[in-house]
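Here the structure is laid out as structure tokens; the discussion comes afterwards.
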Amino acid sequence: MPSAGQWISATTGRIAPDGYSWMQAVCWAHLDDAYRPNRGHGPQHIGDTTLRVAVELARLAPCRPGVDYLVRVLRLSKRTVQYHLGILREAGLLAYETKGTRVPGEGGRASEFVWTIPAAFDAALHLVTRACDRYIRALQGIADEGRALIKRLAKMARKLMRRPRRRRRSAPSRKRISRAGRCTPMEGGSDSSSTAGTTSPPSEAKLDRGTNKPPAPKKPKRAGRRSLNTIGRRYQLARELTEQIDWLRGCSVARIAWVAREVADAGWNAQEVRAWLHFRGEAARVRRASGLLAVLLRSAVRVLDTPDKRAAAVTDWRQAVEAARRGRIQQVRARAERYDGDWQAPRSAAVRRLVAEAFSPEHEADPQVEALPALGGPQDLTDAEVKVMRESAAAAFMHGDTALVTSAVDAFGRAVAEAMYGVDLVQRALQLSRHSSLMSLGRR
């Protein structure tokens with residue numbers, strides 16, 4: 001597996017749901033012995049040391065092992081641990097989720113891996129998989145040809161992951177027992193004197209008179225909620241944040257718990273964290289939610305260092321949310337009233353241009369121009385003159401002036417005005433003149 005394919009975004013394998021399933025794939029790679037490195041130094045195959053490293057990785061959730069931690073637990077050299085981590089990545093069994101780095105002032109951060117199962121393992125065991133968003137491919141079934149091998153791998157993985165039992169050595173007793181006092185056949189001879197002869201009966205004053213009360217029965221423990229420790233409070237706060245904040249949904253609870261560990265240890269709750277984020281200001285576009293949260297919470301404990309300050313921040317945040325909600329309601333009501341009211345000219349320049357083009361006459365003579373009735377008025381106008389009149393009236397109408405059309409209606413009647421300027425323009429002009437005799441379209 002090349003270096004470019006050792007990331008979770010570029011891997012061809014499927015993500016293992018747990019460490020036990022992943023150890024079966026590691027055992028298969030150990031038995032198959034098909035891995036060969038490209039380098040000429042270091043380990044050349046997946047051996048017992050690789051299995052030891054894999055067992056420790058399978059026990060970590062999330063899988064974020066530090067090299068120093070593996071060196072201390074496995075008692076291996078640093079270079080050996082790095083070799084076998086590289087073997088697991090090159091064999092397609094590990095994939096980077098985040099690569100370790102050093103942050104100035106905070107120290108080094110270990111790399112986080114994802115357990116991956118290569119596609120060759122599924123093909124060798126005749127596994128049936130299906131598409132899945134979380135696991136890339138999810139296991140659906142297994143053919144009969146691979147059942148014997150999967151049983152062998154499961155037994156091998158179970159044996160490797162079983163923790164070794166610690167043998168406790170019993171300390172030898174420092175009390176010396178006299179050999180003369182023993183009377184057992186295994187030790188040889190016995191003493192002729194009996195130890196029971198020297199025992200005196202107890203005093204009658206010390207005998208129990210039978211007046212003591214029976215011991216009181218123990219009260220059953222209440223099945224209440226257990227108190228959380230430091231780690232539990234961190235995870236509880238992280239779980240609440242991923243459920244309440246939109247841009248944190250889908251994030252790893254363990255990662256958010258690690259990011260918010262400082263505020264969780266200070267006794268913050270989810271409402272106080274949200275109030276602080278509102279005070280800092282949330283970003284419109286979030287690329288990496290955990291990183292943004294770490295930046296926003298950097299100085300939270302120092303600024304809101306008392307419960308009273310945090311309570312005041314929560315109150316201000318709730319008031320701001322309520323004010324924003326009322327503002328949205330007012331906007332919706334205003335929009336509804338505007339749509340339910342009288343017609344208003346469009347505010348968009350593009351829409352006004354389309355309206356002007358719709359009302360502009362064609363270069364040719366309008367075939368629908370009706371003959372002017374002989375009513376004793378402008379019935380002697382030619383088609384060219386009617387065209388010029390309509391252009392002038394349409395231009396004046398676009399500027400909000402309806403005097404040409406309304407004066408024609410008043411002087412000659414609506415029928416003659418419709419023959420001169422068209423039915424549509426006369427109707428719009430009359431409708432606009434009811435509100436104002438002079439207004440500009442597109443302006444409020």
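The values are calculated or read from the model by the stated rules, or taken from the named source; none is laboratory data. Just so it is clear, the model here is predicted, and its values are computed rather than measured. Ideal geometry is used to build each Cβ from the backbone, glycine not excepted, and the neighbour counts take in all protein chains shown.
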Review point. Residues of the stretch 282-320 being surrounded by fewer than 14 Cβ atoms within 10 Å (Cβ to Cβ), in a helix (DSSP H, G or I) and within 23 Å of the chain's Cα centre (by Cα), which ones?
Key: Gly291, Val295
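Let's see how each residue does on (1) assigned by TED's automatic domain parsing to the domain that holds Thr98; (2) over 18 Å from Arg162 (Cα atoms); (3) out of contact with any Asp or Glu (no Cβ under 8 Å at 6 or more places or on another chain):
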{"position": "Ile15", "(1), (2), (3)": "yes, yes, yes"}
{"position": "Ser21", "(1), (2), (3)": "yes, no, yes"}
{"position": "Ala29", "(1), (2), (3)": "yes, yes, yes"}
{"position": "Asp33", "(1), (2), (3)": "yes, yes, yes"}
{"position": "His45", "(1), (2), (3)": "yes, yes, no"}
{"position": "Leu57", "(1), (2), (3)": "yes, no, yes"}
{"position": "Pro62", "(1), (2), (3)": "yes, yes, no"}
{"position": "Val67", "(1), (2), (3)": "yes, yes, yes"}
**Study point:** Top-ranked residue of the stretch 67-89 - restricted to ones that are within 16 Å of Glu112 (Cα to Cα) and not hydrophobic (A, V, I, L, M, F, W, C), ranked as nearest to the chain's Cα centre (by Cα)
**Key:** Arg89
Review point. Say we look at the stretch 243-281 and pick out the residues that are assigned to a loop (DSSP other than H, G, I, E, B) and either polar (S, T, N, Q) or over 20 Å from Arg302 (Cβ atoms) (or both); which of these is farthest from the chain's Cα centre (by Cα)?
Key: Asn269
Study note, to complete from the structure: Note on the stretch 400-414: residues buried (at least 19 other Cβ atoms within 10 Å of the Cβ), assigned to a helix (DSSP H, G or I) and among the β-branched types (Val, Ile, Thr) are Val405, Val409
**Study point:** Where Asp342 falls short, out of the listed (1) modelled with pLDDT of 75 or more; (2) surrounded by fewer than 13 Cβ atoms within 10 Å (Cβ to Cβ)
**Key:** (1)
